[in-house]
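Undergrad: Take a look at this one; I'll ask things after.
The values are calculated or read from the model by the stated rules, or taken from the named source; none is laboratory data. Bear in mind that the values here come from a model prediction, so they are computed numbers and not experimental data. Because the Cβ atoms are built from the backbone with ideal geometry, glycine has one as well, and the counts that use them run over all protein chains shown.
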């Protein structure tokens, strides 16, 4: 079987409104390196990066850019065996194809162009074989019943993941990671989660959060600088992502870690609002309603700690969540708070929604017309 290459181009740029007509004798194959709109008798189809299309002789090629221009790799070829090859492969012409694997296409193009330029002995036969192999693989990978084998990509995915983890501040997206793998974005995300049991987006965010924790734990660097250094798009997004996963704001975390390293001035009272805030895991304002204290503020953190939804906790008396064994101590502390007295490091256990006992040290301070509560989780040592 013989196929003769007429022309090959890498990164061919097609400007706006360009309509290309296939020769009456040649086939044209395009590999899209940018998004494009393809028009045929069936209507308009959007081609994505990694998609491809084959045109037979005399087909009208109508390709328009989604943005300013289209970038494609192109093969133009002819030969009496071309029709027979594509007929045998059930290779539809004029239709946008989306192979589930595309990693081999770029290397095939390079080999074909290299042979064509060198023109060593038997180069035409080698080029013909390379092109047959290329189109046979494409046909295989566009079959709907083709099942992608995870082992084929596992090692390359692990290498990519290592690269992402080591270069976490780069502008990684699902799109550019999928491009490296030679897969569509949806296929890449699916494979990634199957292998690592986590989505690529969440994996990247957690890596960046881990790195930010290291920076926040060792220096008083600004939150904005940490956010930028770890690759977050904005301080607002960093703040939201950090609090969602760690249960506190980046600033709160930084203050607490630096406090543990002795960063709080020695002459500062351990019972001042600032000092209590620095050493607390949870804090907020409290309100006295009918002789009971109702906790406000840090609803999400409190919710995560106890396992209840913020709605379940709203306006509920603090005493409702105290372990029965500690009710006497808790009631005495509540009575003092209602009378306007400050209390410090009251040790009680709370009961989570799942029934777990959660030991805490509880403090409450009144400042002017406002009252504030501070909770430090107590970690029990196990033998």
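Undergrad: Can you tell me which residues in the range 345-375 are buried (at least 17 other Cβ atoms within 10 Å of the Cβ), within 16 Å of residue 286 (Cβ to Cβ) and touching a residue at least 40 places away in the same chain (Cβ under 8 Å)?
TA: Passing the criteria: 350, 363, 364, 365, 371, 372, 373, 374, 375.
Undergrad: Within the range 61-92, can you find the residues that are free of Cβ contacts under 8 Å to residues at least 60 places away in the same chain and within 16 Å of residue 25 (Cα to Cα)? Even if it seems obvious, please write down each step before you answer.
TA: Within the range 61-92, the subset free of Cβ contacts under 8 Å to residues at least 60 places away in the same chain is 61-70, 83, 86-92.
Residues satisfying the conditions are 61, 83, 86.
Undergrad: Yes or no: the range 111-130 includes at least one residue that is outside any helix (DSSP H, G or I), under 16 Å from residue 26 (Cβ atoms), touching a strand residue (DSSP E or B) at 6+ places or on another chain (Cβ under 9 Å) and assigned by TED's automatic domain parsing to the domain that holds residue 58. Lay out the reasoning, then the answer.
TA: Kept after step one, since they are outside any helix (DSSP H, G or I), are these residues of the range 111-130: 119-122.
Now narrow it down to the ones that are under 16 Å from residue 26 (Cβ atoms): none.
The answer is no; no qualifying residue exists.
Undergrad: Ok, one more. Looking at the structure I just gave you, is residue 188 surrounded by 16 or more Cβ atoms within 10 Å (Cβ to Cβ) and part of a loop (DSSP other than H, G, I, E, B)?
TA: Details: surrounded by 16 or more Cβ atoms within 10 Å (Cβ to Cβ): yes; part of a loop (DSSP other than H, G, I, E, B): no.
Taking the combined requirement at face value, the residue does not satisfy it.
Undergrad: Same structure, new question: Go through (1) within 18 Å of residue 135 (Cα to Cα); (2) modelled with pLDDT of 80 or more for residue 35 and report which single condition fails.
TA: (1)
Undergrad: Please find, among 262, 247, the residue that is exposed (fewer than 12 other Cβ atoms within 10 Å of the Cβ) and modelled with pLDDT under 90.
TA: Working: 247 fails: exposed (fewer than 12 other Cβ atoms within 10 Å of the Cβ).
Within the list 262, 247, the selection yields 262.
Undergrad: Please verify whether the range 68-85 includes one or more residues that are assigned to a loop (DSSP other than H, G, I, E, B) and surrounded by fewer than 17 Cβ atoms within 10 Å (Cβ to Cβ).
TA: yes
Undergrad: In the range 225-244, which residues are within 19 Å of residue 167 (Cα to Cα) and loosely packed, with under 12 Cβ neighbours inside 10 Å?
TA: Matches in the range 225-244: 233, 234.
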